[in-house]
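To keep things clear, I will list the structure first and then write my remarks on it.
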Amino acid sequence: MTPVIFGFVVLLAAAFTFLNGFRDASTSVALAVRTRALTPSVAVLLAAFFNFVGALLSAGLAVAVSQAWISLPPGNGGLSILVAGLASACAWGILLWWRGIPASSTHALVGGLAGAGLASLAVGGTGVGGVDQSLLFQVVLPLVLSPLVAYSGAFMLVYPATWAARHTQPNVVNHRFRRSQAIAAGAVAFGHGLQDGQRVGAVLLLALLAAGYADPGTIPLWVVLLSAVMMAAGTVFGGWRISHTIAYKITRIDPLRGSVAQIFSAVMLFVGAIGLHWPLSTTHTVTAAVLGAGENQHFSVTNRKLVIRIVGLWLLTPLATAALAFVLALAMTPFAR
């Protein structure tokens, strides 16, 4: 059964990556479309290209993240945990996409793996083999703190940006910041590829280790290519439900504030992926930066009911996927032996 279950892991990992591009990648260019810095067709192609390139270069982060995550038991038990975790993350992602809510794929995946591991432990003591002591600092803490940092940083950066443009005509300011926003959109898409491209790489590396098909610390080329191709494909075929929420429904954004939000988001994604090897949620980072930049205005323009709803679903995401994965892992118990 090991090759069959491993095949299910690969299919679900590919589906998870496609849904990641389908749901989240367009958020990198949503503001550029909103402020007319880019047309929708150009924005989608830009996001797909830079997501593809970023995912190709994400192998190093994939290895670092897989080493900081759980250590799975060998054989069918470990593979079943991955199947249940991926399936729950995909199901939750589709539900929130349908509702137009931006939520983290990484939070969903971490919650799903945790729930599946607990179920495996409950039925036979063959669940998670162990947790690295650095998990809190390398995975959980960055995911929790990134929205707070993105909100605060974008809010503060609006001050020097508006001060620098205080003597310039509004139409000139908008034109200049639309240019910078187009560049920043590509940078965010590249950062999204770096960050989210390694999710499937980390999961498949864990699957290869559990099945005995690979050595620790090395990632096969086909894993990197699968991640890049599926994320780019999801971006091309993706819709604009979540992007519409970020660009139009949360707060009012002009080219200056949109550019500030995207530049700060891109810097955070780059530092997390390249400098610190920390996984950050692109959706949480961009959404929080948009909210912070939009809040720094002289009048209230934020849809606070929607923001409270989004934050509530952010908190619910790991719990919901953990509960669903727990049930799925219990159902897979006969195949995990």
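In this rough spin-label picture, where each label sits 7 Å from Cα along the Cβ direction, the residue 309-residue 162 distance is 2.8 nm. From helices alone, the chain scores -24500 deg cm²/dmol at 222 nm; the rule is -39500 (n - 2.57) for each run of n ≥ 4 DSSP H residues, then divide by the residue total. Here's how it looks for residue 219: its modeled amide H is under 5 Å from none belonging to a residue 5 or more places away or on a different chain. Under 5 Å from the amide H of residue 165 lies no amide H of any residue 5 or more positions distant or on a separate chain, with H modelled from the backbone and absent for Pro and chain starts. Residue 252 exposes around 130 Å² of accessible area when a 1.4 Å probe is run over every protein chain in place. Between rounded, prolate and oblate, where does the chain land on the alpha carbon gyration tensor, with a ≥ b ≥ c its root eigenvalues, rounded for a/c under 1.5, else prolate if a/b exceeds b/c? Prolate shape, in that a/c is at least 1.5 and a/b is the bigger ratio. 3J(HN,Hα) along the range 259-271, derived from phi through the Karplus expression 6.51 cos²θ - 1.76 cosθ + 1.60 where θ = phi - 60°, amounts to 5, 4, 4, 6, 5, 5, 4, 4, 4, 4, 5, 5, 4 Hz, with x in place of Gly and Pro.
Sorted largest first, the spans of the alpha carbon positions of the range 225-316 along the three principal axes are 47, 30, 29 Å. Only protein heavy atoms count here; on that basis, with a 1.4 Å probe, residue 56 has an accessible area of about 60 Å². Accessible area per residue (1.4 Å probe, heavy atoms of protein chains only) ranks 98, 278 as 98, 278, with the largest value leading. Distant-in-sequence amide contacts of residue 254, defined by a placed amide H-H separation under 5 Å and a gap of 5 or more residues or a different chain, comprise nothing. Ligands, DNA and RNA excluded, the heavy atoms of residue 206 present near 10 Å² of accessible surface to a 1.4 Å solvent probe. Based on protein heavy atoms only, the chain ends up with 41 Å² per residue of surface accessible to a 1.4 Å probe. Using alpha-carbon positions, what is the distance between the centroids of the range 136-185 and the range 1-51, in Å? Distance between centres, Cα-based: 23 Å. Of the residues 249, 305, the one with the largest accessible area comes first in the ranking 305, 249, computed with a 1.4 Å probe on protein heavy atoms.
Of all accessible surface on the chain at a 1.4 Å probe, what whole percent is carbon and sulfur? Spell out each step's value before the answer.
On the way: 9980 of 13920 Å².
Here it works out to 72 percent.
Helix 304-331 and the longest principal axis of the C-alpha atoms of the chain enclose an angle of approximately 10°. Across 18, 299, the residue with the most accessible area heads the list, and the full order at a 1.4 Å probe is 299, 18.
The values are calculated or read from the model by the stated rules, or taken from the named source; none is laboratory data. Every value quoted in this text rests on a predicted model; they were computed, and no experiment measured them. All Cβ positions, even for glycine, are placed from backbone atoms using ideal geometry, and neighbour counts span all protein chains on display. Remember, those area values only see protein heavy atoms, side chains included, never the ligands or the DNA or RNA. Shrake-Rupley method; radii C 1.70, N 1.55, O 1.52, S 1.80 Å.
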